[in-house]
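Undergrad: Quick one: this structure, given as structure tokens, is what I'll be asking you about.
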Amino acid sequence: MSKSADKALNLLRSLPRLCLGNIRDNPGSRSSRKRGRGQHGGDKHGAGNKGSGQRQNYMRLGYETGNNPFYLRFPNEPYYKGHHLKRQYPPMSMLDLQRLIDLNRLDMSKPIDLVAILNTGVFKLKPDQHQFGVNLTDEGADIFKAKINLEVQWASELVIAAVEKAGGVITTAYYDQHSLQAMLNTRKFFERGIPIPRRMTPPADAIEYYTDPTKRGYLADPEKISEERLVLAQKYGYTLPKIEEDKTYEMLTQRKDPRQIFFGLNPGWVVNLRNKVILKPQEEKLVEFYQS
Amino acid sequence: MSVISTKLRLVINNLSKINLRAKQIIRHGGYYSSEYLEDLGKVSTKFEVTKDPVDWKCVENILPRKTIPEPVKKDEYPSGWQPQADDMQSRPYYIERTRNHLIPVYLDLAQHNIRRHTIIRRVKGDIWLLEKEVTEFLQTLSNKPIRLQVNEFAGFIRINGDFVNAIKYWLKNKGY
């Protein structure tokens, strides 16, 4: 017999005999009388024991479990002063604009202003939340190829260059909240039967922007703007397309009056959609009010 | 004093009139919908009623369209958008465009933005073939095995992970 077999037999002799005291069931032959609730027999469902995980009441952003939080450590941050009152310009990229033109949602043969952009239904504006129009951002500036007469509320230098390189013109224009409310849904506005409001002049802190020819402001001197168009073309290194010789010259040079909010419709007019007539005031006082 | 008192009386009179007529509930919520505090009598403002077709054209130009226009065939679309191919009838499966004429592939974020699912919606026809082709394509992008769920009845495929742009690009190249 081998050594290992001898050893095993010796071990067996010293072990206790098999008896009632040391037998047990085969594993899995008996099941518990308690019925487990849930997939894994009533456990914690992956939420852990107690606390935020179970109650789904995660700590608020910036809370440091009792420490003086970072955002409260410094008592004064004056550069945020009045941030809730500042004008906001929700963004729309040039790629979005180009896609709207490609998809026939915007008509290139007419000037594209905020009314046209809002009429597509893709861009949402909330004037009551201090939103004052569209900020055209430069994403997609390299593929932009539409020759349009564009009017937005905020544009960067690159955006202006991209629009002008494609042969179009761009203006930045200010609208006050009442004008914006009328522009949100023109059909709803006309159904109210109230006169078209006159557009207010920009507030003191916006005048600088909207009279700046480098920003193509609507209150800037047109001659200075055409000069700045050349300057920008030289800065970015493209030849400025001559809009004077263009077939669509008339469309490209269409501008609104600083008091006007819709092309071709003057403030003070009431549009009746049912009878398809326009009521124009003749009272001298009113005429003077809406022109001033 | 007497002027003020007569004015006050007028206002109170008017208020009582309003109360008597208040059977129909009117909400004076706005500047234009509110009644005048005092009776102004008959107001006659001179105005002109015009039916100029040129002016009316301007009104029509700014009215929002009630339907989304069909895209026009063009030589090139600089934005990268592309219309569907013409041979959709002969293909085993079809993915309908959305009402905005875009490809219906979406990202679904859940569980505090930890779970990212890509969903291909509006699938019609042989969805199982699409599943096979999509897994084959995505396997080239990912080291892990692709996990996805096919809902044949609702016509969508839910894929684990963010593959929205990849799938959009892949479907666009296939003409969907």
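The values are calculated or read from the model by the stated rules, or taken from the named source; none is laboratory data. Predicted model, so just to flag it, every value in this text is computed and none were measured. No Cβ is skipped: glycine too gets one built from the backbone with ideal geometry, and neighbour counts run over all protein chains shown. For the accessible areas, the whole protein counts, side chains as well, though only heavy atoms, and no ligand, DNA or RNA atoms are used. Shrake-Rupley method; radii C 1.70, N 1.55, O 1.52, S 1.80 Å.
Undergrad: Can you tell me which residue in segment A:269-288 is farthest from the other protein chains (Cβ to nearest Cβ), limited to those that are over 18 Å from B:Ser44 (Cα atoms) and not in a strand (DSSP E or B)?
TA: Looking at residues that are over 18 Å from B:Ser44 (Cα atoms) and not in a strand (DSSP E or B), I get A:Arg274.
Undergrad: Within segment B:112-149, can you find the residues that are among the polar types (S, T, N, Q), within 30 Å of A:Leu61 (Cα to Cα) and open to solvent by 40 Å² or more (accessible area, probe 1.4 Å)?
TA: Residues of segment B:112-149 among the polar types (S, T, N, Q): B:113, B:118, B:135, B:139-140, B:142-143, B:149.
The next check asks that each one be within 30 Å of A:Leu61 (Cα to Cα); those that pass are B:113, B:118.
Within segment B:112-149, just B:Asn113 meets the criteria.
Undergrad: To continue, here is another question. Scan segment A:31-56 residue by residue and report those that are closer than 24 Å to B:His112 by Cα and open to solvent by 100 Å² or more (accessible area, probe 1.4 Å).
TA: Those that are closer than 24 Å to B:His112 by Cα and open to solvent by 100 Å² or more (accessible area, probe 1.4 Å): A:Gln39, A:Lys44, A:His45, A:Asn49, A:Lys50, A:Arg55, A:Gln56.
Undergrad: Is it fair to say B:Glu152 is touching a helix residue (DSSP H, G or I) at 6+ places or on another chain (Cβ under 9 Å), open to solvent by 50 Å² or more (accessible area, probe 1.4 Å) and under 28 Å from B:Asp86 (Cβ atoms)? Before the answer, list the steps.
TA: Details: touching a helix residue (DSSP H, G or I) at 6+ places or on another chain (Cβ under 9 Å): yes; open to solvent by 50 Å² or more (accessible area, probe 1.4 Å): yes; under 28 Å from B:Asp86 (Cβ atoms): yes.
Judged against the criteria, B:Glu152 is a match.
Undergrad: Determine whether A:Ala220 is assigned to a helix (DSSP H, G or I) and either touching a residue at least 60 places away in the same chain (Cβ under 8 Å) or more than 23 Å from the chain's Cα centre (by Cα) (or both). Outline the logic, then answer.
TA: Working: assigned to a helix (DSSP H, G or I): no; either touching a residue at least 60 places away in the same chain (Cβ under 8 Å) or more than 23 Å from the chain's Cα centre (by Cα) (or both): yes.
In short, no.
Undergrad: Related question: Determine the pairs where a residue that is free of Cβ contacts under 8 Å to residues at least 12 places away in the same chain and closer than 18 Å to B:Ile62 by Cβ, located within segment A:161-189, has a partner that is assigned to a helix (DSSP H, G or I) and open to solvent by less than 10 Å² (accessible area, probe 1.4 Å) with Cβ atoms under 7 Å apart, the partner being 6 or more residues away or on another chain.
TA: Pairs found: A:Phe189/A:Ala182.
Undergrad: Another question, if that's okay. Select from segment A:100-130 the residues that are under 23 Å from A:Glu157 (Cβ atoms) and open to solvent by 40 Å² or more (accessible area, probe 1.4 Å) and list them in ascending order.
TA: none
Undergrad: Turning to a different aspect of this structure: Do the conditions hold for B:Leu109, that is, is it more than 14 Å from chain A (Cβ to nearest Cβ), open to solvent by 40 Å² or more (accessible area, probe 1.4 Å) and out of contact with any Ser or Thr (no Cβ under 8 Å at 6 or more places or on another chain)? Even if it seems obvious, please write down each step before you answer.
TA: Details: more than 14 Å from chain A (Cβ to nearest Cβ): yes; open to solvent by 40 Å² or more (accessible area, probe 1.4 Å): yes; out of contact with any Ser or Thr (no Cβ under 8 Å at 6 or more places or on another chain): yes.
Judged against the criteria, B:Leu109 is a match.
Undergrad: Then there is this: Give the number of residues within segment B:33-67 that are of a type outside the set (D, E, K, R), surrounded by fewer than 15 Cβ atoms within 10 Å (Cβ to Cβ) and within 9 Å of chain A (Cβ to nearest Cβ). Walk me through it before giving the result.
TA: Step one: filter segment B:33-67 for residues of a type outside the set (D, E, K, R), giving B:33-34, B:36-37, B:40-41, B:43-45, B:47, B:49-50, B:53-54, B:56, B:58-59, B:61-64, B:67.
Now narrow it down to the ones that are surrounded by fewer than 15 Cβ atoms within 10 Å (Cβ to Cβ): B:33-34, B:36-37, B:40-41, B:43-45, B:49-50, B:53-54, B:67.
Then keep just the ones that are within 9 Å of chain A (Cβ to nearest Cβ); that gives B:45, B:49-50, B:54.
Final tally of qualifying residues: 4.
Undergrad: I've got another one for you. Which of the following residues is within 14 Å of another protein chain (Cβ to nearest Cβ), surrounded by 19 or more Cβ atoms within 10 Å (Cβ to Cβ), of a type in the set (A, V, I, L, M) and in contact (Cβ under 8 Å) with a residue 12 or more places away in the chain: A:Ile194, A:Ile261?
TA: On the way: A:Ile194 fails: surrounded by 19 or more Cβ atoms within 10 Å (Cβ to Cβ).
Being within 14 Å of another protein chain (Cβ to nearest Cβ), surrounded by 19 or more Cβ atoms within 10 Å (Cβ to Cβ), of a type in the set (A, V, I, L, M) and in contact (Cβ under 8 Å) with a residue 12 or more places away in the chain holds for just one of A:Ile194, A:Ile261, which is A:Ile261.
Undergrad: Which residue out of A:Leu136, A:Leu125, A:Leu95 is touching a residue at least 12 places away in the same chain (Cβ under 8 Å), among the aliphatic types (A, V, I, L, M), outside any loop (DSSP other than H, G, I, E, B) and within 14 Å of chain B (Cβ to nearest Cβ)?
TA: A:Leu95
Undergrad: Take the residues in segment A:236-258 that are within 30 Å of the chain's Cα centre (by Cα) and open to solvent by 30 Å² or more (accessible area, probe 1.4 Å), then tell me which one is nearest to A:Ile160 (Cα to Cα).
TA: Looking only at segment A:236-258, we keep the residues that are within 30 Å of the chain's Cα centre (by Cα), and these are A:236, A:251-258.
Filter once more, keeping what is open to solvent by 30 Å² or more (accessible area, probe 1.4 Å): A:236, A:253-255, A:257-258.
Details: A:Tyr236: 11, A:Thr253: 16, A:Gln254: 18, A:Arg255: 17, A:Asp257: 21, A:Pro258: 21 Å.
Ranking the candidates gives A:Tyr236 first.
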